[in-house]
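Q: Take a look at the following structure, please.
Here, each number is a calculation from the coordinates, and none is a lab measurement. Here the structure is a predicted model, which is why all the values come from computation and not from measurement. Glycine gets a Cβ as well: all are built from the backbone with ideal geometry, and neighbour counts include every protein chain shown.
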């Protein structure tokens, strides 16, 4: 008998495979007393498990795909640091000594104590860090208990289908390991569409569902499963009719991807003749290859954090210059390079510290304007690179005109230094602001006087506008790109840029989702920057759009005051060209 379950689809696609139930954080932890003479041996066993766990994570870090967002590396790096933290390692050893208990039980007690501390914190961002403790200690427990469960890959000789992993939750490190082992998809009981795990699943194009409560208890190992990542459905023990239907869906999706590939060299011009610029977001110099494969016209967001992370000393001017030169040489089109966006969930070795609320603390441009030595080194490298190809500098998390003026003053000073040293650079280099703070959107008409362009960073703009942590599973249902306040701020920014005669692009997740393409065109956006995997799909939506009509419809929709009518109209608009 078939079973139909619903969850939250976080990564589109259809997966057909066999159930492989995995461990969770609810491990059966043994408790027993040890002799005083065995303490040193037990501590050594625990510390060896910690070393093995670090080695596992270090290997995972090396397998992170080049197109994965920087947050994934930061997430795994955080777990590596925790495995070296005295608050975890030394205190567990002390418990073993003082309580004469086994390592697993000492680790369980210490984990519960740390989690309780985080649960008592007033700040919602820090409360969510309890999950890091749970993930790290669960990994250590599995090593201690020898309960790692490698999946059995597909075997064409015996018609063994690929595994679909079912777990209570999965950390990004788990996803990377499982991807290497050939899973077809995964389903978890917990999680949300904006978690690190969800972001990574989309980057790796693994069909996945989250939020399917009780799924590990309901399903049995090796039974056939079907995941519909777009609809958010899971079908267990399907009949032949259901299998045939979803195999047809898989084949249709493969044909769709081949059809999209034909659009690579086609211009992104709407049905009524409006040209839309299609740009790519890239993380590493090597990512530019994928951007070229999908016909991106340039890079709308080049993140520079990878140069600064996982190291004690900041990169030198020459090291940064070489990285910028590589991406300029590899891309046929203009490059927009974002200055260091550190802080919040992207911590740097000794150049920043954990704030009371990192999302609202010393981060991005605020950090750079405080650590001017760090910033000037990056600016020198950027200006020097500008002599070798078309590029722009983008400043993250601008919230005041004063920040913009101060940053431009530093850029001017660096330019004067290079002139005195007879070092060439583009003296007309464009400098713009990321609009990701509501204050910046509201002040956009004034801010535009000091900017050569705007770029809408919708991920942060949405979370700051709606006062939510977008990676907090408890409240991520509030993360709403279509909230009237969010759309009003986007429209205000686009209109302010148009009035000032400067370009406005969007580099947040909204730009890469074809469901929003019609609406964004209707709001006046004509420059999209996104993950390379989304370029062709959004281009197809653009080519089927009547932009003049969409602009009229968008104005009418935003004027609606009835919530139900507003939502229905937006959904209808999204379906028009996303089909």
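Q: How do the peptides 419-426, 512-519 rank, highest first, by the average count of neighbouring beta carbon atoms within 10 Å per residue?
A: Peptide ranking by packing, descending: 512-519, 419-426.
Q: Using a Debye calculation, one point per C-alpha and no hydration shell, please list log10 I(q)/I(0) for the chain at q = 0.05, 0.11 Å⁻¹ in order.
A: Here log10 of I(q) over I(0) equals -0.23, -1.11.
Q: Ranking request for peptides 564-570, 431-437: highest mean number of other beta-carbon atoms within 10 Å first, then the rest in descending order.
A: 431-437, 564-570
Q: Calculated FRET efficiency, residue 317 and residue 240, Cβ-Cβ r, R0 51 Å, to nearest 0.05?
A: Efficiency, from the Cβ-Cβ distance: 0.20.
Q: Same structure again: In what sequence do 101, 507 fall when counting other Cβ within 10 Å, fewest first?
A: Lowest count first: 101, 507.
Q: Sort the following peptides by mean Cβ neighbour count (other Cβ atoms within 10 Å, averaged over residues), highest first: 542-551, 494-503.
A: 542-551, 494-503
Q: Could you pull out which residues in segment 82-101 have an amide N less than 18 Å from a spot 7 Å beyond the Cα of residue 32, following the Cα-Cβ vector?
A: 96-97, 99-101, by backbone N distance to the label point.
Q: Relative to the longest principal axis of the C-alpha atoms of the chain, give the angle of the C-alpha long axis of helix 484-500, reported between 0 and 90° and rounded to the nearest 10°.
A: Result, in degrees: 40.
Q: I would also like to ask the following. May I ask you to derive the FRET efficiency for residue 230 and residue 563 from their Cβ-Cβ distance with R0 = 30 Å, giving the value to the nearest 0.05?
A: That gives a FRET efficiency of 0.75.
Q: Extending each Cα 7 Å along its Cβ direction at residue 502 and residue 439, get the distance between those two points in nm, one decimal.
A: Here the modelled spin labels are 1.7 nm apart.
Q: Could you state the angle between the C-alpha long axis of helix 39-62 and the longest principal axis of the C-alpha atoms of the chain, as a value from 0 to 90 degrees rounded to the nearest 10?
A: Taking the Cα atoms of the chain, the angle to 39-62 is about 30 degrees.
Q: Which FRET efficiency, nearest 0.05, do residue 90 and residue 62 yield, Cβ-Cβ r, R0 30 Å?
A: 0.60
Q: Based on the Kirkwood radius over alpha-carbon pairs, what value in µm²/s does the Stokes-Einstein equation return for the translational diffusion coefficient of segment 189-330 at 25 °C and 0.890 mPa s?
A: Translational diffusion coefficient: 127 µm²/s.
Q: Right, another one. How far, in degrees from 0 to 90, does helix 89-99 lean away from the longest principal axis of the Cα atoms of the chain, to the nearest 10?
A: On a 0 to 90 degree scale, this one is about 20.
Q: Which shape class applies to segment 266-578: rounded if a/c is under 1.5, otherwise prolate when a/b exceeds b/c and oblate if not, where a ≥ b ≥ c are the square roots of the Cα gyration tensor eigenvalues?
A: Prolate shape, in that a/c is at least 1.5 and a/b is the bigger ratio.
Q: For a paramagnetic label modelled at 7 Å from the Cα of residue 293 toward its Cβ, which residues of segment 178-215 fall within the zone defined by backbone nitrogen distances under 15 Å?
A: 203-206
Q: Among 276, 282, 269, what is the fewest-to-most ranking by other Cβ atoms within 10 Å?
A: 269, 276, 282
Q: Based solely on its DSSP helices, what 222 nm [θ] is calculated for the chain when runs of n ≥ 4 H residues each add -39,500 (n - 2.57) and the sum is averaged over all residues, nearest 500 deg cm²/dmol?
A: -14500 deg cm²/dmol
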